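First comes the structure, then the notes that go with it.
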Amino acid sequence: MRQSIYIVIFGFWLVACSTEQKGEDHSVHTVPAKPASSDNNALMLTDTQLRLANVTTQKVSMKPVGQTQLLNAVLAVDEENSQVISTRISGRVEKLFFKETGRSVRQGEPLYEIYSEELLTLQREFLLAKEQFETLGKEEPRYESFLKTAEKKLALYGMSKNQIEQLGKSGSQQQRITFLSPATGIITEINAAEGQYVGEGALLYRIENTSRLWVEAELYPNEASMVKIGDKISVRINGYESAPMQAKVVFLSPEYRANTQIMVMRGTLENRELTFKPGMQAQVIFTHSSRVALSVPVDAVIRDEQGTHVYVESGKNTFEPRMVRTGIEDFEQVEITEGLKENEVIAATGAYLLYSEFILKKGMDPMAGHHH
């Protein structure tokens, strides 16, 4: 199906490019000229056709290539970054600024308001100590220590530095104290309601910091030996496949899951922009058995019923199909074990369009009659 589409597209390009001036010269790569007519398998295209087909070239070279393993994975909350928000003082919850789970909260945003008799008492102590210090502090240094002690108590019970400063400036007690979020993340649990009386240490919220996530995948026994703690792995997240992320393996379960032959691999993934959410599907990619070998890009290799071939540049805008044998490959490179030499120039991209154009022009498979 894909080949048929390419043939139709190239047919339109041939018509569109038929009026191109012969003097135009925008060749992608320059090699000694070789007449196209010298070989019936040679395919010559115009500069415009090459540009439209996005045909680029590169030299065949020795590069690292290995076997690639692809595993389905899922993003999960990094439980080490969980934050439990509990009351530091008993009182009545007057207002909840977040009333449903799943909402994002930033550090410093208001979370809840509370009325507390104990906090009112501490505020009175602070204001009294402040008044005594301002009146008698120069003569009695101990009043400064009284003021600092009263200020520390307010901070210990959850009032922010700014709130304490405002209390000192206004000179009047605040009936309801607003408590701020100590972390950025997603609210995953709410255990209070407005009007509810709560004791000291009562759990109100659970916030999951999603600036770093876990990526979790399942390994079978034959896959477990291919990865170890500390390895860097590539992660492609559904919806963001064009921008693979790097993760670091931090955990391999020491035993199989009950009644299975499955181990759990866990890696950490940076998510500072909060782009990704827990529960998103992903694929983990890692390469093993890597070695340096003569290789070409994956997109340069054409596979059909006749075998495997690439397009070698033999002259200006001229390409010839050549049968090759391949070895191991990953998502980027394919090892070439036979058919090419180092420094030969091949079509690195646009090879399928060259393949379709060859069939359109020659009326036959480029590898018909060729075999190793």
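What the table shows:
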quantity: Per-residue [θ]222 nm for the chain (sum of -39500 (n - 2.57) over DSSP H runs n ≥ 4, rounded to 500); calculated: -7000 deg cm²/dmol
quantity: Long-range HN-HN contacts of SER314 with modeled amide H, under 5 Å; calculated: PHE319, GLU320
quantity: Contour minus Cα-Cα distance for GLU241 and LYS59 (0.36 nm per residue); calculated: 62.8 nm
quantity: Using alpha-carbon coordinates, inclination of helix 351-362 to the longest axis of the chain, degrees; calculated: 30 degrees
quantity: Proxy reagent accessibility, fewest Cβ within 10 Å first, across PHE251, PHE146, PHE286; calculated: PHE251, PHE146, PHE286
quantity: Integer Hz, Karplus 6.51/-1.76/1.60 couplings in order for region 300-309, x for Gly and Pro; calculated: 7, 9, 10, 10, 9, 5, 7, x, 10, 8
quantity: Percent RCO, i.e. relative contact order, over region 79-208, from Cα pairs under 8 Å lying at least 6 residues apart; calculated: 47 percent
quantity: Exposure proxy order (Cβ contacts within 10 Å, fewest to most) of SER242, SER314, SER234, SER61; calculated: SER242, SER61, SER234, SER314
quantity: Two-decimal Rg/Rh across region 79-208, once Rg and the Kirkwood Rh are taken from alpha-carbon atoms; calculated: 1.05
quantity: Degrees between helix 142-156 axis and first principal axis of the chain (Cα, 0 to 90, nearest 10); calculated: 50 degrees
quantity: Phi-based couplings in Hz for region 178-183 (Karplus 6.51, -1.76, 1.60; Gly and Pro marked x); calculated: 8, 9, 9, 6, x, 8
quantity: Principal semi-axes in Å for region 224-357 [√(5λ), Cα gyration tensor, largest first]; calculated: 38, 19, 13
quantity: Sorted peptide list for 353-359, 278-284, criterion being average Cβ within 10 angstrom, highest first; calculated: 353-359, 278-284
quantity: In Å, descending, principal axis extents of the Cα set of region 67-150; calculated: 80, 36, 18
quantity: In Hz, Karplus ³J(HN,Hα) per residue of region 252-265 (6.51, -1.76, 1.60; θ = phi - 60°; x = Gly, Pro); calculated: 10, 4, x, 8, 6, 4, 3, 6, 9, 10, 10, 10, 10, 10
quantity: In degrees, nearest ten, helix 2-17 long axis to first principal axis of the chain (Cα); calculated: 70 degrees
quantity: Dimensionless Rg over Rh [region 115-191; C-alpha; Kirkwood]; calculated: 1.09
quantity: Counting all C-alpha pairs of the chain, share separated by more than 39 Å (%); calculated: 50 percent
quantity: Length-normalised contact order of the chain in % [C-alpha pairs under 8 Å, at least 6 apart]; calculated: 28 percent
quantity: 5 angstrom amide H check on SER181, placed H, neighbours 5+ away; calculated: GLY108, GLU109, LEU111
quantity: Principal axis dimensions, largest first and in whole angstrom, of region 196-261 by Cα; calculated: 55, 37, 22
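FYI, it's all coordinate maths here, none of it is from the lab. Just so you know, these numbers come straight off a predicted model, no measurement behind them. With ideal geometry, Cβ positions are generated from the backbone for all residues, glycine too; neighbour counts draw on all protein chains shown.
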